[in-house]
Amino acid sequence: MYFGGNIANENGWYLNGGAELATRSSTTINQAHLTVGHTFAVDSDKTWFLGAGLTSQRSERRSSCKKDEIIAACDREYYTRKDYAAMAEAGLEWNVNPSWQLVPVYQYRDVYDRGLHQVRFDNRFKLSKSFGLEAGYGYVWSRNLAQNDIRFGMNYEF
């Protein structure tokens, strides 16, 4: 689940924030971030963006069930890690046509010992002047993690 927002001014500066919850069978990751960045127009359809900011990360991993007796309740151990760190992002907003925007993004979060990398490909489809649908694919990796993310959602512009 993801919730986020972006505000930009006419000079190309933006402020972006978001929170995300991703889970799979044994791992849950909560992540929040706040970035400040700048956009650079390539042409009328493409804009590069670069940003930097702060992130908080909380991961919880559930161990396998440990049973000493056959009919005993499952006794699981949970390992939780928290970290606050710097992050950076770079990407491209490409208006493929008036209704479709493709946004490839790379993010690096300097959390834990080795950091987290993320590559994301977001697709935004405009349904009206204010409303649209979003669908995206992301891949997150570090020394101990490799995870695919799929996002579907709705967005509103004002």
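Just one of (1) closer than 30 Å to residue 26 by Cβ; (2) loosely packed, with under 13 Cβ neighbours inside 10 Å trips up residue 157, so point out which.
(1)
How many residues does the range 1-28 hold that are loosely packed, with under 10 Cβ neighbours inside 10 Å and in a strand (DSSP E or B)?
Summing the residues that are loosely packed, with under 10 Cβ neighbours inside 10 Å and in a strand (DSSP E or B) in the range 1-28 gives 1.
So in the range 144-154, with the set limited to residues that are open to solvent by 80 Å² or more (accessible area, probe 1.4 Å) and not aliphatic (A, V, I, L, M), which one is farthest from the chain's Cα centre (by Cα)?
144
Looking at (1) under 17 Å from residue 19 (Cα atoms); (2) out of contact with any His (no Cβ under 8 Å at 6 or more places or on another chain); (3) of a type in the set (D, E, K, R), find the lone condition where residue 109 falls short.
(2)
Residues of the range 133-143 being closer than 21 Å to residue 32 by Cβ and open to solvent by 40 Å² or more (accessible area, probe 1.4 Å), which ones? First the steps, then the outcome.
Here is the first cut: in the range 133-143, the residues closer than 21 Å to residue 32 by Cβ are 134, 136, 138-142.
The answer is 134, 139, 141.
Looking at this structure, is residue 32 assigned to a strand (DSSP E or B), free of Cβ contacts under 8 Å to residues at least 24 places away in the same chain, closer than 19 Å to residue 111 by Cβ and of a type in the set (A, V, I, L, M, F, W, C)? It would help to see each step written out before you state the result.
Numbers: assigned to a strand (DSSP E or B): yes; free of Cβ contacts under 8 Å to residues at least 24 places away in the same chain: no; closer than 19 Å to residue 111 by Cβ: yes; of a type in the set (A, V, I, L, M, F, W, C): yes.
Criteria not met by residue 32.
When the range 29-52 is examined, which residues are found to be open to solvent by less than 80 Å² (accessible area, probe 1.4 Å), of a type outside the set (A, V, I, L, M) and either closer than 25 Å to residue 144 by Cα or touching a strand residue (DSSP E or B) at 6+ places or on another chain (Cβ under 7 Å) (or both)?
30, 31, 33, 35, 37, 38, 39, 45, 46, 47, 49, 51
Within the range 110-132, which residues are over 26 Å from residue 81 (Cβ atoms), more than 13 Å from the chain's Cα centre (by Cα) and open to solvent by 80 Å² or more (accessible area, probe 1.4 Å)? So that I can check it myself, show each step before the final result.
Here is the first cut: in the range 110-132, the residues over 26 Å from residue 81 (Cβ atoms) are 121-132.
Restricting the remaining residues to those that are more than 13 Å from the chain's Cα centre (by Cα) gives 123-132.
Matches in the range 110-132: 125, 126, 127, 129, 131.
Would you call residue 18 at pLDDT 95 or above and in contact with a Gly (Cβ under 8 Å, 6 or more places away or on another chain)? Reasoning before the result, please.
On the way: at pLDDT 95 or above: no; in contact with a Gly (Cβ under 8 Å, 6 or more places away or on another chain): yes.
It is false that residue 18 is at pLDDT 95 or above and in contact with a Gly (Cβ under 8 Å, 6 or more places away or on another chain).
The values are calculated or read from the model by the stated rules, or taken from the named source; none is laboratory data. The structure displayed is predicted, hence computed values, not measured ones. Positions of Cβ are generated from backbone atoms using ideal geometry, with glycine treated the same way; all protein chains shown enter the neighbour counts. For accessibility, only protein heavy atoms count, side chains too; no ligands or nucleic acids. Shrake-Rupley method; radii C 1.70, N 1.55, O 1.52, S 1.80 Å.
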